[in-house]
1. If residue 20 passes every condition in (1) at pLDDT below 95; (2) surrounded by 13 or more Cβ atoms within 10 Å (Cβ to Cβ) but one, which one does it miss?
2. Take the residues in the stretch 1-17 that are crowded, with 18+ Cβ neighbours inside 10 Å and assigned to a strand (DSSP E or B); name whichever of them is modelled with the highest pLDDT.
């Protein structure tokens, strides 16, 4: 069994986001989970490992709207479940402005308390 190599704990998050890789923009995509280091996104597009892009997420939490934006790198893409067109894409955040780091931390704290994480 492989050891968990993640630096940050994942928090379940079901929300819609917009992703752009190259000239291809996808909306709405669904998030499965998120951390300070990256997220898992459901997609019907198979992006290559190493592709870079940008994402935008807006989430309402406790009567507050939290916006998050980051540049990312695709770490992996895998079919889930294996016989469907939908895939999971693991992405690593590579550049986040300070304002959006603060917003992400706030989102993780709120979602973590809601989900008991």
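The values are calculated or read from the model by the stated rules, or taken from the named source; none is laboratory data. Every value quoted in this text rests on a predicted model; they were computed, and no experiment measured them. Cβ: placed from backbone, ideal geometry, glycine included. Neighbour counts: every protein chain shown.
1. Tallying (1) at pLDDT below 95; (2) surrounded by 13 or more Cβ atoms within 10 Å (Cβ to Cβ), residue 20 fails exactly one: (1).
2. In this case the residue turns out to be 17.
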